[in-house]
Each structure stands twice: as C-alpha cells, then as structure tokens.
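The values are calculated or read from the model by the stated rules, or taken from the named source; none is laboratory data. This structure is a prediction, so every number in the text was calculated from the model and none was measured. Here the Cβ positions follow ideal geometry from the backbone for every residue, glycine too, while neighbour counts run over all protein chains shown. To get the accessible areas, we keep the full protein, side chains included, count just its heavy atoms, and leave off ligands, DNA and RNA. Shrake-Rupley method; radii C 1.70, N 1.55, O 1.52, S 1.80 Å.
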Amino acid sequence: MPKEDAIRYMFGVTALVWCLFHPAAAVAQDADVAAREAAVPENPLKSAFFGDTHVHTSFSLDAYIGGARLTPFDAYRFAKGEDVSINNVLRNIGRPLDFTAVSDHAEFLGEMYSTQIVDAPGHYQEALAELRGLKDIDQQRAWFLKYVVENNRSGKPEHPPFFAGPETSISAWKDVVIAAAQAHYDPGVFTALIGFEWTSAPNAANMHRNVIFRDAVVPNEPISGLDTTDEEKLWAWMAEQEAAGSTLLAIPHNSNGSKGQMFEPVDNSGNPLTADYAKNRAKWEPLIEMMQIKGNSEVVASLWSADEFADFENAPSVGSFSGGDFRKENFVRWAVTKGLDYQEKLGANPYKLGFIGGTDTHNGTPSDVDEATYNGSHGVADGTVGERRDGEIDGWVKGPEANPGSLAGVWATKNTRGAIWDAMAARESFVTSGPRIKPRFFGGAALAATEDPVALVETGYADGVPMGGTLTALDGPPSFNVHAMKDPEGANLDRIQIVKGWVDENGEPQDRVIDVVWSGDRQPGADGKLPAVGNTVDTATATYTNEIGAAELIGHWTDDDFDAAKAAVYYLRVIEIPTPRWTTYDAVRHGLPLLDTVPATLQERAWTSPIWYTPG
C-alpha cells in the first residue's frame, strides 16, 4: 500500500490530506483556502475566540508511553466537538473551540512515526514492539524515566537507539502534524494552527517553548531540543525560517518550574543581557503561557503574601520536583515588571510578554478544562481516581496539585489563521483558568468612564490602546476602562482588579493590586480591603449557586499614584465567585472524603495581557 494511502487509512483523514502528496492539488487547495479566508466577514470591534496552543498526542513519546493513542487528527476532532475515548471514558468538550495548535514534542516525532505507521522504517524493531505493548504502569514509568526524563534533563539529550533516521522525523512532520492541521482548518469556523514544542530542560529546569506558525509556509522539519537546548539558537533558527518565508512566534511555558532560568539576568554565555538580546527575545517571544496543568505561573502565595488571591493553583510540588523551592524570578508578574528595569537601562524590554493559556494535555484533548468532569491529563499517571488523589505526574507535580489547565483567548477580527496569529503577535490576548470569561481592557490619556460596553470598546480603540498596547510620554495619569462578562454556562463574577507593576530605585519589581469594580454593595473596610463575596458551595454535593456575584462588570480607574517619569505595567485580573475544585467533584462522584492537602473550592479567573507605560 502506498505511503499516502496507508496514512489516510490509519487516521481516516479527508481528501485534503491527499493534497500533500499531489502538488497540483495542493496549489488548488491553497487558492481555495485563501478565498475562503477572504470571504470570512470581519468584526472591526473584534470578537473573543477561545482555544488551546499546548496539546500533546500519541506523536509525543511521553504521551504515548502513558497510554495516549489519540493522534493530531483526533485532537482536532475533539476540539471541534466530536467524541473521543480517554482512560476508557467517552469524552466530549461540549462547546467546540475556535482554534487549536497541536504542539507535539519535536524531539521524538520520527520515533513516534516508526512506532505507529506500519510501513515506516524501524516499525518492527524489538524496542518499538515493546513500547507498543506497554501495559503495566511500572513499566511505563520506567520507559518514561529512561527515555524522556533522564535523556531530556541530561544536558546532552539524544535520539534513543530505536530512532530510524531523519526521514522518519520529516515524514511525521509533513504527513501527520501538517496534514492534520490542513485537514481540519475551516476558515470562519475552526482554526487549526501548525506548531510544535521545542523541549529544553537544562539541569531539570523547564525552558520549553511552543512554536506557532501563521500559515502553512513552514520548514521541512522543526528544530528540537536534540539539535540545541539553547533558546538563543532557537531564535536564530526562527530568524532563518522567517528569511525563508515563514511567519512564526514562540511561547515559553511553565516558568514556575524553570529554577530561575526563564528570566535570569545573563544570557547563555553567562554575560549580562544586552539590548540586542532584549530586542531579539521580544521579537520572537511576544507571549507567555500563564497557567497550565502543572500550575499557575502568575504569582505564588508564599512570595506574594499581600495579594489575597495569590494562593491559586500554585502546585508547590513543582518547585520541589524541579530541585529547588520557588523563587520570585520564576513568576510572570515579577518578569513583566522587571522588564521595565531593562527597558530603562538597555532601551529594550526582553520581557514585554502578553499572556495566553494552554493545557499541556498529554491525552490529545485540547482545552478539556471543566473542573466538574476532569478525569486526568496524562494518561495512566492520573487516569484513575486513585492516581489523581495519591499519585503524581512523574517528575513534575503531585496528582492532587495538578489542575485541568487553562484556556487561551484572543480578540481578533475573524476566525482565520492570520487573524488569530496576528492577535497573538499583537498581544491582544488573554487567559482564563477554564471558564469562557470575556475580559476587555483599554488604557489612554483621558479615557472617559462609560457604562456602555460597546462605547467602551469604540473609544478604547479610538482614543487609547487595548491589552498588549503601550502608552508613551503622558502628561497626566492614564485612565483605564475595564469590562468582563461571565461564562454563560459558568459562575458569576466577584470583581475586576488591575495589577500595577513598577521598579524601585534599585531596579527591584514592586506591585499593587487595585479592586476596580465588584459585585453587590460591598465597600472597602478601614484597611482598604474589599470584603469577600461570600461562598455558596456545598462541598457535600459539589454544587454552587449564582445567588451572589454578577454576570457582568464594567468599571473605570485612573492611576492615583502615577509618575510620568517612571515606566509602569498594568494588567487585568477577573475573579469569579467560589466554585468546587475538581478534587471535590472527584471525591463526591466516587463517594470519597475530601482531600485535606488541597482547597475544596477555588475562585476561577481570567488575566489579560498588560498595557505598558513608557516615559519616552
């Protein structure tokens, strides 16, 4: 059977994949896609689109070892609302996503091609026959530790002995990764972005990046952590691809597990950061993943005690698994604030980072983030209630401290690859911890307060900048308009906050959290703090009501402590009322006691990308 027919048979793909093997048809397909993209109407005020940019399938070695058998084709089917089976449970996302990027590890794509494609080189090797037959969890963990953890964290990762050659990596990239995205891209309905994960873990520090392409102009094969573990060389490779016609960006993730290396003050040669380094990083990495299954990287309660909402999905075992305790330099708030110091000293900001979400699912199920139905994210590692309660996602986090992951959001003119990617590149992006909250954030020299959400957006674009934008050389304090709508199927909203960051005279990051607008008739106390919204959760039944909170909040704030000579950064945080955590749903569903090692409830939230102020 010819290769193209075998792949079509195995994955049940549509005729679009056939185009990859027939150049004339591919040209026709490209013209058809371009016409369909152009026909999608634009919304000048932009719409919120939800998706996932961090998804692993059976073409990631660690996911396959853990039992993942959903392919990239299946992942896109799930994102579009089709049923799949995970851990012997039928899963459906319920509400289809607007966009998804499958981001399988580039490091072992060829090995996974040989494993799963019968006619591929190396398919019948003894080691791959053993891999395909792994059933016992102890054997799976032994494989994972040997071929993934120890290899990737060795400082000199390399292909395993069962690698059948570079042609298998190229085939996996073209025949599976690209083919799946091409087959499922439906302009105006669903955007399938082409991407991969570059997985670097020097000294067990998480330095991973997801690389996302704007269109189907992509290289012959991706770069991997086996080629280099140096992110500066990753950026150099990206520059080469740009010169060859590609348009791409990289999204770092899991800074909470980076052991201080994600935002360190030196480059990989040990030299202090330079203006060239700062400009290079800002060009290729306009975003950072705020939260995923292995924890929230905004702040951690132990280091931000003044922030009453800092104790949220901190996953403290991530710090210990990484070989060290948490430090402020691991976290996003510290980084976007420290970037102001570099901007002043170097004339460029290496950490001008917009915020986006992702799951890091290793089940092949994009944005499977519902707390009420969560049944794990990493195959056998957390596929049973026992493993979720007492186990761990090997080498990363204790089972109960994991979470379902976060949701990526963008404000874009339409749902096409170009518009979605452009919103990411412009940092007009946001992230939620799961609910489909829609936050908007505008800043300007003198934005007028309004109770009209449409006017807020119109004047925001006309007279100010949106999330991701920069205000420059203001004569007076900036004003900000904020608006948020609850998930129509979720909990009400507690409050909207603005987090302001600046650096002191020593270049040290400082921050302040401001309650801008809130539900009900609460008033701040003598200490300036707003009383809690209340709690309707019944932990015995894992239920809550929307008797408290608000479905929509809109507000205005002018910085009352503004110094036009000092740079500042501002971002929005929207807080929901309390709801049951997944561990509570899990306990009630299985008739088990609540765990006392994690909270029984949580307050889900959304974060917008920042707005920056630069003196001149």
For the stretch 319-327, state whether one or more residues are touching a strand residue (DSSP E or B) at 6+ places or on another chain (Cβ under 7 Å), within 29 Å of residue 601 (Cα to Cα) and not β-branched (Val, Ile, Thr).
yes
Selection from the stretch 436-459 of residues in contact (Cβ under 8 Å) with a residue 60 or more places away in the chain and part of a helix (DSSP H, G or I) yields 453, 454, 456, 457, 458
Tell me, yes or no, whether the stretch 494-505 has at least one residue that is at pLDDT 95 or above, polar (S, T, N, Q), surrounded by 15 or more Cβ atoms within 10 Å (Cβ to Cβ) and touching a helix residue (DSSP H, G or I) at 6+ places or on another chain (Cβ under 9 Å).
no
Of all residues in the stretch 553-579 being over 25 Å from the mean Cα position of the chain (by Cα) and of a type in the set (D, E, K, R), the one that is modelled with the lowest pLDDT:
560
Residues (open to solvent by less than 10 Å² (accessible area, probe 1.4 Å) and either basic (Lys, Arg) or part of a loop (DSSP other than H, G, I, E, B) (or both)) located in the stretch 366-380:
366, 367, 374, 376, 377
What helices (runs of 4 or more DSSP H), lying completely within the stretch 1-96, carry at least 3 residues that are open to solvent by less than 60 Å² (accessible area, probe 1.4 Å) and either modelled with pLDDT of 80 or more or within 20 Å of residue 190 (Cα to Cα) (or both)?
23-39, 61-65, 72-79
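Let's see how each residue does on (1) acidic (Asp, Glu); (2) open to solvent by 40 Å² or more (accessible area, probe 1.4 Å); (3) under 20 Å from residue 341 (Cα atoms):
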{"position": "579", "(1), (2), (3)": "no, no, no"}
{"position": "596", "(1), (2), (3)": "yes, yes, no"}
{"position": "602", "(1), (2), (3)": "no, no, no"}
{"position": "611", "(1), (2), (3)": "no, no, yes"}
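The rows are residues; the columns are (1) surrounded by fewer than 24 Cβ atoms within 10 Å (Cβ to Cβ); (2) assigned to a strand (DSSP E or B).
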position	(1), (2)
338	yes, no
358	no, no
364	no, no
387	yes, no
410	no, yes
415	yes, no
421	yes, no
431	no, yes
434	no, no
Single match in 282, 278 (criterion: assigned to a helix (DSSP H, G or I) and open to solvent by 10 Å² or more (accessible area, probe 1.4 Å)):
282
Taking the stated definitions as given, is residue 287 touching a residue at least 40 places away in the same chain (Cβ under 8 Å), open to solvent by 10 Å² or more (accessible area, probe 1.4 Å), of a type in the set (A, V, I, L, M, F, W, C) and under 19 Å from residue 342 (Cα atoms)?
no
Which of the residues spanning the stretch 202-230 are in contact with a Pro (Cβ under 8 Å, 6 or more places away or on another chain) and either under 22 Å from residue 321 (Cα atoms) or open to solvent by less than 30 Å² (accessible area, probe 1.4 Å) (or both)?
207, 208, 209, 211, 225, 229
Considering only residues of the stretch 516-527 that are in contact with a strand residue (DSSP E or B) (Cβ under 9 Å, 6 or more places away or on another chain) and open to solvent by 40 Å² or more (accessible area, probe 1.4 Å), which is nearest to residue 499 (Cα to Cα)?
518
Looking for whichever is open to solvent by 10 Å² or more (accessible area, probe 1.4 Å) and either modelled with pLDDT under 95 or under 22 Å from residue 574 (Cα atoms) (or both) here; the options are 324, 245, 295. Which one fits?
324
Going through 521, 511 one at a time, which residue ends up being among the acidic types (Asp, Glu) and more than 26 Å from residue 282 (Cβ to Cβ)?
521
So which of 480, 441 is in contact with a strand residue (DSSP E or B) (Cβ under 8 Å, 6 or more places away or on another chain), within 30 Å of residue 194 (Cα to Cα) and crowded, with 23+ Cβ neighbours inside 10 Å?
441
